[in-house]
Amino acid sequence: MSVQDKTPQMSRRGVLRAAGLAGAAAAAGGQALAQAKINPAKLEPGKPDPTITDIQDWNRFLGPGVEAAPYGKPSRFEKETIRRNVAWLTAGTESSINFTPIHELDGIITPNGVCFERHHGGVAEVDPAQHRLMIHGLVDKPLVFTMDDLKRFPGRINRPYFLECAANGGMEWKGAQLNGVQFTHGMIHNVWYTGIPLKTLLNEAGVKPNGKWVLVEGADSAAMTRSIPIEKALDDCLVTWAMNGEALRAEQGYPLRIVVPGWEGNMWVKWLRRIEIGDQPWAQREETSKYTDLLADGRARRHTWVMDAKSVVTNPSPQKPLKHKGPNVLSGLAWSGRGAITRVDVSIDGGKNWQTARIDGPALPLCLTRFYVDFDWNGQELMVQSRAMDSTGYVQPTKDALRKVRGLNSIYHNNGIQTWLVRANGETENVEIS
Amino acid sequence: MSKFLKLSLAFGLATALSGVAFSQAPKPAAGKPAAVTAKVGLGRAALPEEIKAWDIDVRPDGTGAPVGKGTVKQGEELFLAQCASCHGEFGEAVGRWPVLVGGRGSLKHDNPEKTVGSYWPDASTAFDYIRRAMPFGNARSLSDDEVYAITAFLLNMNEVVKDDFVLSNENIGKVKMPNAGAFFDDDRTTAEKHFWTAPCMKNCKTGEVKVTGRARVIDVTPDSKTGPKVE
């Protein structure tokens, strides 16, 4: 993940120019090389910029017509904005995870094509015409709905929510392990959902008074299941079919997904086909073997559904080193499963002193919130941290404070404060500090 | 539309506009069950055969367990044929596939091994999960008796039941799992109460802040070649 690997795509002339400069810089030694890569523009003072004085191809020739891309894709110069996986984590890709490139994104909405994926049996390719949703168990009338039925219900709503996998940061419990915010914090996305409240469907079937738990199940080859307490089901859970204005992506549960705002991503069952009402939780594999938090004394917390407040600086970060001295924009994301983000503080000296960051855009409950600190960098080493606070008064803890309560084997719910070491040449590393 | 219009009007929520009814559902306070509101009348009754086909979950007390049974011995044969290629002949796992057997007494150690025997609180979970999701890539291919047998074998390998044990819908809710008592409900709001605090802003640390660990040293970021085995 070195700085050189991340050289952006360049025009034909740009490549020639960079090659020439790199040659000259190499002759001048390693330090100069690093600088040339970081800030090539500086090496041609006083000379007119050929990107201005030359007429560019795109300025002369016609571009592709409107039929070229019936469904548009990002610019071909944005090849780095992709999901990536950590191959050694799992035996195969069907039960695996990849990560959202949060270091390449801005604002609060995650584009559909780069929302991280976690599947337990691959992506189910479900024909919506053959998809059914069943509600049964402790109800007055067990029901079956088609997709058309669901889309005819009154009370359709739109809500933006973050979805974070409880294992986000799970590889970092024992110490800094992965050099990239995509890998340490990228099991998260934040999109606008369209659907109807789960409550609407429960009302339609009529929940019996002893109905206290809801089992949700997917139609995939893992037949994913989780138990949800009825209070949450009646509060803000949604049955959704659209994300960011278009149909759910197959890898996000097309044609139907349950949204469980603020709670761990595993509960947001994709390819939702069955809702059962019962009087006790079901102790499914995903709420016993997995998604329980093993403590140092050998006991384990279960039903740890809520995602605690958390934040991270996405720029600079190992995949996004600092390239310029002088004015720079530090940027990051904050979120909480308990409410809205009320404040984010940032430190550049490893947590000794803090300043409050500027939040821009909405700071909605259970939704990603974007923060910035505009700063001047004089080339000194930085230890960058961010610390989120939410509307319940919860303050994101340090990793050591978390470890004190939970030990090192929890895997899940690691919301400790992240430290990035920015070195004098701009390179940025994942570190732990005293 | 007429039934819908009538219902909406009955609840005093509708505005009739060019022959179309617009209804606004009242928003109940967070956490409170919704008041009983009118049914919309969408969907159809689920048939008993349909519910039976999909309702395959089994609860810790055995509720939902289908009639059937299987022995440890039968389970061993099935496991070797259908499961061992990934999970190993003894459930010890091949490569990075999940380990299913062993790990007793490891939960407090540096590298705890969480298996059906060492960690899972309920036997029903193994039956339920194998029945719904295994063998990986060929889910729902085993008969209920076969799932009972394989589950019995896994429990036996984990020294939870004897060699002559027969697992059935009668006794699956009664199997005592070694780690059953270790689970407790989320207590973060009390155990971690100190995270609700007034944060320090100035001079929060004394002395020099030092780097104590670096991801670079471990070097397992995806563009590097090797990586440790994690869960």
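The values are calculated or read from the model by the stated rules, or taken from the named source; none is laboratory data. Remember, predicted model here, so these are calculated numbers, not experimental data. Quick reminder, even Gly has a Cβ in these numbers, built from the backbone with ideal geometry, and neighbours come from all protein chains shown. Accessible surface areas use protein heavy atoms only, side chains included; no ligands, DNA or RNA. Shrake-Rupley method; radii C 1.70, N 1.55, O 1.52, S 1.80 Å.
What to note about this one:
- Counted residues, region A:399-413 - those being more than 10 Å from chain B (Cβ to nearest Cβ), of a type in the set (S, T, N, Q) and open to solvent by 10 Å² or more (accessible area, probe 1.4 Å): 0
- Selection count where residues are in a helix (DSSP H, G or I), under 18 Å from B:T71 (Cα atoms) and within 14 Å of another protein chain (Cβ to nearest Cβ), scope region B:130-161: 5
Listed here are the residues, each with its yes/no results for (1) buried (at least 23 other Cβ atoms within 10 Å of the Cβ); (2) modelled with pLDDT under 95; (3) over 24 Å from A:I411 (Cβ atoms).
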position	(1), (2), (3)
B:E77	no, no, yes
B:E89	no, no, yes
B:G105	no, no, no
B:D110	no, yes, no
B:K114	yes, no, no
B:G117	yes, no, no
B:T125	yes, no, no
B:A133	no, no, no
B:A152	yes, no, yes
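- Residue among A:G379, A:G337, A:G426 that is assigned to a loop (DSSP other than H, G, I, E, B) and surrounded by fewer than 20 Cβ atoms within 10 Å (Cβ to Cβ): A:G379
- Residue in region B:76-84 that is within 9 Å of another protein chain (Cβ to nearest Cβ) and either in contact with a strand residue (DSSP E or B) (Cβ under 7 Å, 6 or more places away or on another chain) or not polar (S, T, N, Q) (or both) present: no
- The set of residues in region A:383-392 being surrounded by fewer than 22 Cβ atoms within 10 Å (Cβ to Cβ) and farther than 13 Å from A:W335 by Cα consists of A:M383 alone.
- Identity of the residue in region A:253-271, among the aromatic types (F, W, Y) and not in a strand (DSSP E or B), that ends up nearest to B:G181 (Cα to Cα): A:W268
- Of all residues in region A:382-407, those satisfying the criterion of being within 12 Å of A:T419 (Cα to Cα) and part of a strand (DSSP E or B) are A:L382, A:M383, A:V384, A:Q385, A:S386, A:R387.
- Hits in region B:173-195 (condition: at the interface with another protein chain (Cβ under 8 Å from one of its Cβ atoms), open to solvent by 30 Å² or more (accessible area, probe 1.4 Å) and either in a loop (DSSP other than H, G, I, E, B) or touching a residue at least 24 places away in the same chain (Cβ under 8 Å) (or both)): B:F183, B:D186, B:D187
- Counted as qualifying within region A:272-329 are the strands (runs of 3 or more DSSP E) with 3 or more residues that are free of Cβ contacts under 8 Å to residues at least 24 places away in the same chain, over 23 Å from A:T369 (Cβ atoms) and facing chain B (nearest Cβ under 9 Å), namely A:300-302.
- Scanning region A:265-291 for residues that are crowded, with 24+ Cβ neighbours inside 10 Å and either outside the structural domain of A:D220 (by TED's automatic domain parsing) or within 23 Å of A:Y394 (Cα to Cα) (or both) turns up just one, A:Y291.
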